[in-house]
Amino acid sequence: MTLQQSRQTRGPASGPKAEVGGGTQPLGPRQGEDRQQSSAHHRSRERFSRALGWFSLSLGLPAVATPRELARLTGVPDDQQNRTVLRVVGVRELGVGFGILTQPRSAAWLWGRVAGDAMDLALLGLALRSKHAQQSRVTAATAAVVGVTALDLVRAVQLSRGLGRPSGRVREDRGMHVLKTITVNRSPEEVYGFWHDFRNLPRFMDHLEDVQVIGERRSHWKAKAPAGRTVEWDAEIVEDRPGELIAWRSLEGADVRNSGSVRFTPAPGRRGTEVRVELHYSPPGGVVGATIAGLFGEEPDQQVNGDLRRFKQVMETGEVVQSDATTHGRPHPAQPPKDGVIAQ
Amino acid sequence: MKAITWNGKKSVRVEQVPDPRILNARDAIVKITSTAICGSDLHLYNGFIPTMENGDVLGHEFMGEVVETGSGVANLKVGDRVVVPFPIACGKCWSCQHELYSLCENSNPNAWMAEKLMGHSPAGLFGYSHMLGGYAGGQAEYARVPFADVGPLKVPEGVSDEQVLFLSDIFPTGYMGAEMCDIQPGDVIAVWGCGPVGQFAIASAFLLGAERVIAIDRFPYRLEMARDKAGAETINYEEADVYQGLMEMTGGRGPDACIDAAGMEAHAPGLLNVYDRAKQAVMLETDRPIALREAIMACRNGGTVSVIGIYGGFIDKFPMGSVVNRSLTIKSGQTHVHRYMRPLLERIQKGEIDPSFVITHRMRLDDAPRGYEIFVNKQEACEKIVLKP
Ligand SMILES: NC(=O)c1ccc[n+]([C@@H]2O[C@H](COP(=O)([O-])OP(=O)(O)OC[C@H]3O[C@@H](n4cnc5c(N)ncnc54)[C@H](O)[C@@H]3O)[C@@H](O)[C@H]2O)c1
Ligand SMILES: [Zn+2]
Ligand SMILES: [Zn+2]
């Protein structure tokens with residue numbers, strides 16, 4: 001429950017391309033709408049991470065405040081010993097929940113959980129010694145205790161080593177690199193064929209508005225940027241191996257210099273095709289990486305993940321799959337959309 | 001339309017929400033004729049499943065009449081009577097093609113949420129949190145059914161709603177629970193929990209050739225149903241020690257397979273209950289694995305523990321040493337309902353089982369809030385509630 005990643009803080013955009021991510025100009029009504037749309041995903045993600053923290057916190061709070069009340073709620077007999085247990089455990093969880101919500105790195109707080117488990121062991125030991133405990137239950141409970149702390153310990157160690165961080169993304173000073181893979185249950189030829197027609201890309205790539213093919217190897221790309229703006233560039237295919245690989249890069253004069261490749265390899269055991277996408281964005285002179293990140297309006301890592309998932313949906317089921325909640329394009333209860341309110 | 005919505009812990013409401021309509025080509029709209037409240041809904045009701053939002057339409061066990069189909073649905077027509085499986089499955093991905101329908105790789109548009117909690121995402125489910133799709137559920141007058149060319153089972157004339165409604169979830173769930181036990185002649189199966197899922201696990205264990213089934217619960221009326229309707233022997237865990245009881249009944253071997261049909265909100269008498277309730281209440285563990293621990297400890301050497309009770313997150317004090325040192329097999333899953341609907345319909349038609357035996361309450365959709373209350377508190381000898389929109 002405690003493993004959400006922290007939000008990356010991004011500095012304000014600066015330099016010659018500040019209008020890409022800056023959003024300092026007054027917004028017209030249409031731009032305002034778009035801005036709402038583009039940041040909706042980001043907000044919902046952040047909300048989710050925090051929801052887990054709040055979930056923990058809201059439940060920890062009553063334990064400290066009114067252990068008597070909580071004892072009643074949880075159906076635990078309200079005696080002195082139980083009340084103390086609840087209070088001690090509650091205080092600790094409160095600390096942990098709070099840490100998850102407020103700290104940029106949660107590893108330290110997970111270590112807090114490990115310590116907490118050690119404490120529970122001690123508490124349970126106390127319970128086992130109590131004269132109310134029946135012998136057979138004591139045996140069962142003692143055996144059950146053996147595996148204590150293992151999970152928390154493992155997660156804390158992983159997080160400390162950085163394994164809990166988002167994978168496949170290296171942010172350099174001079175640009176941003178994203179690497180993502182997914183397996184699609186279609187042949188490499190089919191998957192290659194669909195991708196090769198770049199006009200298909202906006203169907204599953206959220207931030208792409210439009211791609212026009214203007215020649216054998218050339219295309220024109222238009223992407224959404226925050227604050228209702230767009231960035232555009234011409235791209236050319238630099239390598240093209242049917243059924244295997246497509247690589248492209250933007251041409252001179254691009255708003256954001258970028259390149260990408262997608263590689264298709266047969267997955268073992270007739271599982272279809274492993275699709276491996278690499279994208280690289282380099283900012284023009286003087287622009288910080290934050291501007292590029294602003295292009296996505298959220299974690300680029302998550303964005304590409306979502307794009308690939310939608311790609312798979314289109315390839316395998318024929319369409320991008322909608323649920324009642326996702327049609328609203330912003331956090332919304334799972335209810336059917338009202339007439340005319342479908343976001344996409 | 002009218003729908004039952006979630007509004008925070010222990011609060012459900014009858015609300016007006018927009019009518020569903022076709023969003024994807026493979027959708028159908030179903031006018032619901034019967035729907036039910038599930039033990040899984042109680043986990044939502046009690047606030048133990050994260051990523052619910054106020055206003056979410058609940059319900060995942062429903063059937064009705066097709067009133068509209070998308071352009072991609074060729075096998076159904078308006079007027080067909082269908083039962084809808086609770087997991088949403090595309091039929092085209094690797095998991096679907098391997099009959100692992102509750103693991104469909106395409107039906108959860110919020111997969112990234114589930115990935116954070118579980119590493120990978122399972123399928124989207126009707127009315128079961130945003131992490132599992134954000135789909136409106138079937139405790140309503142109408143429902144949109146995605147991938148309607150794959151999921152819904154057409155119901156023939158001559159069988160009533162009440163006989164086939166539970167093909168949507170609990171009958172296949174109990175059946176899969178028993179199937180995972182790989183029952184051999186002479187096997188003794190123990191089932192924790194005599195809720196509707198437990199009842200179907202018991203009945204299915206017999207269908208699959210179990211010699212004896214021992215059912216465990218604490219509510220006399222539920223134990224009685226397990227004995228009289230499903231044919232089990234019973235242990236009331238408030239009156240007897242379960243481990244000792246099972247050893248006495250199995251010559252000290254332990255049951256050949258154990259089914260956990262109690263799930264994450266299991267209850268225990270005594271100090272262990274205090275411990276798990278406290279830890280769950282403050283989120284040091286999200287689930288109370290009381291029945292599961294007991295099932296593991298009781299299972300015979302080399303036996304199977306089949307977990308169909310739902311767990312949402314993390315558990316504590318899991319007796320892994322017992323599992324490893326005694327060569328136990330653990331099997332689990334949200335039910336791959338699509339796999340079982342047709343064969344179980346055949347069993348119903350042949351008269352091998354009438355699933356309506358679990359129904360104790362029939363109510364109007366408007367009465368759902370009261371239904372949740374008596375079901376969660378096990379009042380009025382409530383076993384299973386069917387709602388009629
Ligand atoms: N795997 C699936 O796909 C699937 C599908 C449907 C339901 N479920 C799950 O199955 C479980 C049961 O569902 P239900 O509708 O029968 O719910 P229910 O609440 O009616 O039944 C649960 C029963 O377990 C009993 N119980 C609690 N603690 C116990 C213990 N320590 N030992 C023995 N029994 C105990 C309760 O007294 C109750 O009778 C739930 O967790 C539900 O979420 C899973
Ligand atoms: Zn259910
Ligand atoms: Zn699928």
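The values are calculated or read from the model by the stated rules, or taken from the named source; none is laboratory data. Worth saying up front: this structure is predicted, and the values here are computed from it rather than measured. Virtual Cβ from ideal backbone geometry, glycine too; neighbours counted across all protein chains shown. When the accessible area is computed, the model is the full protein with side chains, heavy atoms only, and any ligands, DNA or RNA have been set aside. Shrake-Rupley method; radii C 1.70, N 1.55, O 1.52, S 1.80 Å.
Here the Karplus curve 6.51 cos²θ - 1.76 cosθ + 1.60, taken at θ = phi - 60°, turns the phi angles of region B:251-268 into couplings of x, x, 7, x, x, 5, 9, 10, 10, 8, 10, 9, x, 5, 10, 4, 10, 9 Hz, with x standing for Gly and Pro.
Hey, if we sort B:Thr335, B:Thr329, A:Thr181 by accessible area with the 1.4 Å probe, largest down, what's the order?
So the residues, ranked largest to smallest area, are A:Thr181, B:Thr329, B:Thr335.
Pair-distance distribution P(r) for region B:171-332, from all Cα-Cα distances in 5 Å bins starting at 0: 2, 10, 20, 23, 22, 14, 6, 2, 0 percent. Proximity of backbone amide H atoms, modeled 1.01 Å from N, is registered between B:Phe126 and B:Ile88 at under 5 Å, excluding neighbours fewer than 5 places apart on the same chain.
List the lysines whose Cα lies under 19 Å from the Cα of A:Lys224, skipping any in the same chain that are fewer than 8 positions away. Qualifying lysines at Cα under 19 Å: A:Lys17. Near the amide H of A:Thr230, within less than 5 Å, lie the amide hydrogens of A:Ala225, all on another chain or at least 5 residues away, with H placed in the peptide plane.
Close amide H pairs (under 5 Å, H built 1.01 Å from N) link B:Gly72 with B:Arg26, B:Asp27, residues at least 5 positions away or on another chain. On a straight-distance basis, which lysines could pair with B:Lys350 in a cross-link, Cα separation under 20 angstrom, same-chain partners fewer than 8 positions away excluded? Reachable lysines: B:Lys154, B:Lys229.
Other protein chain C-beta atoms within 10 Å of residue C-beta, averaged over B:101-114: 5.
Excluding ligands, DNA and RNA, the accessible surface per residue across region B:123-234 is 26 Å² with a 1.4 Å probe. Buried surface between chains B and A: roughly 6000 Å² of accessible area, summed over both sides, computed with a 1.4 Å probe on protein heavy atoms only. Considering only B:Ala291, B:Trp192, B:Gly312, and ranking their Cα positions along the charge dipole of region B:171-332 that arises from unit charges at the beta-carbon of Lys, Arg, Asp and Glu, the one farthest toward the positive end is B:Gly312. The listed peptides A:249-256, B:242-249, ordered by packing as a protection proxy, come out as B:242-249, A:249-256 (highest mean of other Cβ atoms within 10 Å first). Counting only DSSP H runs of at least 4 residues, each contributing -39500 (n - 2.57), and dividing by the residue count of chain B, the helix-based mean residue ellipticity at 222 nm comes to -8000 deg cm²/dmol. Coupling constants for region B:311-323 follow from the phi torsions by the Karplus curve (6.51 cos²θ - 1.76 cosθ + 1.60, θ = phi - 60°), and in residue order they are 10, x, x, 10, 10, 10, 6, 8, x, 5, x, 5, 5 Hz; glycine and proline get x. Note on B:138-145: average number of Cβ atoms from other chains within 10 Å of each residue's Cβ is 1.
Among B:257-268, B:13-24, B:28-39, the peptide with the highest mean count of other Cβ atoms within 10 Å heads the list, and the full ranking is B:257-268, B:28-39, B:13-24. Highest mobility in the GNM of chain B, judged by mean-square fluctuation with C-alpha springs under 10 Å and restricted to B:Glu61, B:Glu115, B:Glu99, is found for B:Glu115.
With 30 Å as the limit, the listed pairs A:Lys338/B:Lys388; A:Lys338/B:Lys77; B:Lys331/B:Lys388 have B:Lys331/B:Lys388 beyond it between alpha carbons. For region B:103-181, the relative contact order works out to 17 percent when only alpha carbon pairs closer than 8 Å and six or more residues apart are counted. Surface composition of region B:165-309: carbon and sulfur atoms hold 47% of the protein heavy-atom accessible area at a 1.4 Å probe.
With viscosity set to 1.306 mPa s at 10 °C, what whole-number translational diffusion coefficient in µm²/s follows for chain B from Stokes-Einstein and a Kirkwood radius over Cα pairs? Estimated via Stokes-Einstein, D reaches 76 µm²/s. Only Lys, Arg, Asp and Glu carry charge here, each on its Cβ (+1 for the first two, -1 for the last two); on that basis region B:160-235 has a dipole of about 220 debye about its Cα centre.
Among B:215-221, A:319-325, B:131-137, the peptide with the highest mean count of other Cβ atoms within 10 Å heads the list, and the full ranking is B:131-137, A:319-325, B:215-221. Taking θ as phi - 60° and the Karplus parameters 6.51, -1.76 and 1.60, the scalar couplings of region A:267-282 work out to 7, x, x, 6, 8, x, 10, 8, 10, 10, 10, 10, 10, 9, 10, 10 Hz in sequence order, x denoting glycine and proline. Got the relative contact order for chain B handy, in percent, Cα pairs under 8 Å and 6 or more residues apart? The normalised contact order for chain B reaches 17 percent. Partner shielding of A:309-320 amounts to 6, given as the average count of beta-carbon atoms from other chains within 10 Å of each residue beta-carbon.
The distance between label points at A:Asp210 and A:Thr230 comes to 0.4 nm (points 7 Å beyond Cα on the Cα→Cβ vector).
Under 18 Å of direct C-alpha separation, and excluding same-chain neighbours fewer than eight residues apart, A:Lys312 reaches these lysines: A:Lys180, B:Lys92.
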